[in-house]
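Asks: Take a look at the following structure, please.
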């Protein structure tokens, strides 16, 4: 039953992080009772503390609570495979459209800026849910400002650490909980995460194999990126578009917009990037690149959540740890706001792009139109624009 529920989410969870959390609350807590609402928010905060895909980590953590590590791994596969295959297929389609019809990506003219409206909406909803105090709002503003001007991936863990420490000093406001056993840490999954990171870097440097290097690139990004898929996007853009030039800016932004119109984890944009990065090897290259990217981006966060979840119930009884969650959530919200700005940078700052951003945000905020229909509407407008002009 649990895996069936995960499959249903993987095929219907449109709308980004805020919609996904609402669906988890409804299905996993209210309908099934797998965990309590407090446990859901605690696990969500824990996943935001760790690098990697927070929604995927959250699914795995719930699976771990329900049926142990075996169920958690199965839940992971059921959750990520549909979106990864869809985005790999989208990469193939985009490539062949461009090969057959130069300028074919003009259909994405409107959905590229619309995708930024999705990020702004996600930030606004997340802030309204997780930021409840003046101190937390100040942390949101500070983390947004810092992330604007210092977009290195190393800045994000530092911001999260500072945010957590700044609210942990208010630990006396938290109720005391007695420890029923001393804290025990099992290091196996941490060693596994670090070993794969070092091994992939060594093999990539030694073999120069594009598939190994691709895995190392995505595994490294998955190990360093905090704050979810929206925060990942600017770094994939920098590495694969600006630096390595495996994709054009137009291809990348089109893929990101498409990822906003499909269900499942937002990190599935990696399969699109990985598939196009290996286009020179033909159809097998597309499939290999998509699967390698998915494995690379999702594995680090899974190793780390399995490392921490084993002693989280003991760790959260410490009042400073529970108090730190407020600051961590606030900083995550600031990162989400910064991501919207970073993604807007490659676009031309004209009235049309700004209008499309505001239109996408307004449709999400003031109507009940779902994400796929909004993206589809943008695609239709792009096609009509091509035909008319």
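Only the coordinates and a few stated rules stand behind these numbers; no lab work does. The structure displayed is predicted, hence computed values, not measured ones. Quick reminder, even Gly has a Cβ in these numbers, built from the backbone with ideal geometry, and neighbours come from all protein chains shown.
Asks: In deg cm²/dmol, rounded to 500, what helix-only [θ] at 222 nm does the chain give when every DSSP H run of at least 4 residues adds -39500 (n - 2.57) and the total is split over its residues?
Replies: On the way: 16 runs with 288 residues, N = 389.
Rounded to the nearest 500, it is -25000 deg cm²/dmol.
Asks: Rank by packing, highest mean first: peptides 78-85, 67-74, 347-354, 20-27, with packing defined as the count of other Cβ atoms within 10 Å averaged across residues.
Replies: Details: 78-85: 21.8, 67-74: 14.9, 347-354: 11.5, 20-27: 17.5.
Packing proxy ranking, top to bottom: 78-85, 20-27, 67-74, 347-354.
Asks: Stokes-Einstein D for the range 23-71 at 20 °C, 1.002 mPa s, Kirkwood Rh over Cα pairs, in µm²/s? It would help to have the intermediate numbers written out before the result.
Replies: Working: Rh = 10.9 Å.
Value of D from the Cα-based Kirkwood radius: 197 µm²/s.
Asks: Related question: Find the Rg to Rh ratio for the range 253-313, where Rh is the Kirkwood radius over alpha-carbon pairs and Rg uses the same atoms. Working shown, then result.
Replies: Values: Rg = 14.4 Å, Rh = 12.8 Å.
A ratio of 1.13.
Asks: Moving on to the next point. Note the angle between two axes, namely the Cα long axis of helix 282-315 and the longest principal axis of the Cα atoms of the chain, as a number of degrees from 0 to 90, rounded to the nearest 10.
Replies: 20
Asks: List the pair-distance distribution P(r) of the chain, using every Cα-Cα distance, as the percent of pairs falling in each 10 Å bin from 0 up to the bin containing the longest distance, rounded to whole percents.
Replies: 5, 23, 34, 26, 10, 2, 0, 0
Asks: Can you list, bin by bin at 5 Å, the percent of alpha carbon pairs in the range 306-389, starting at 0?
Replies: 3, 10, 12, 15, 15, 10, 7, 10, 8, 5, 3, 2, 1
Asks: What is the Cα centroid distance between the range 327-372 and the range 1-65, reported in whole angstrom?
Replies: Their Cα centres are 23 Å away from one another.
Asks: For the range 19-129, restrict the atom set to alpha-carbon positions and state the Rg and Dmax in Å.
Replies: Just the Cα atoms of the range 19-129 yield Rg and Dmax of 18.0, 53 Å.
Asks: Could you state the angle between the C-alpha long axis of helix 371-388 and the longest principal axis of the C-alpha atoms of the chain, as a value from 0 to 90 degrees rounded to the nearest 10?
Replies: 20
Asks: I need the calculated FRET efficiency for the pair residue 349 and residue 380, taking r as the beta carbon distance and R₀ as 25 Å, to the nearest 0.05. All intermediate terms of the calculation are to be shown ahead of the outcome.
Replies: Numbers: r = 25 Å, r/R0 = 0.99.
Once the sixth-power term is evaluated, E becomes 0.50.
Asks: Here's another thing I want to ask about it. In degrees from 0 to 90, rounded to the nearest 10, what is the angle of the helix 210-224 Cα long axis to the longest principal axis of the chain?
Replies: Compared with the principal axis, the helix lies near 50 degrees.
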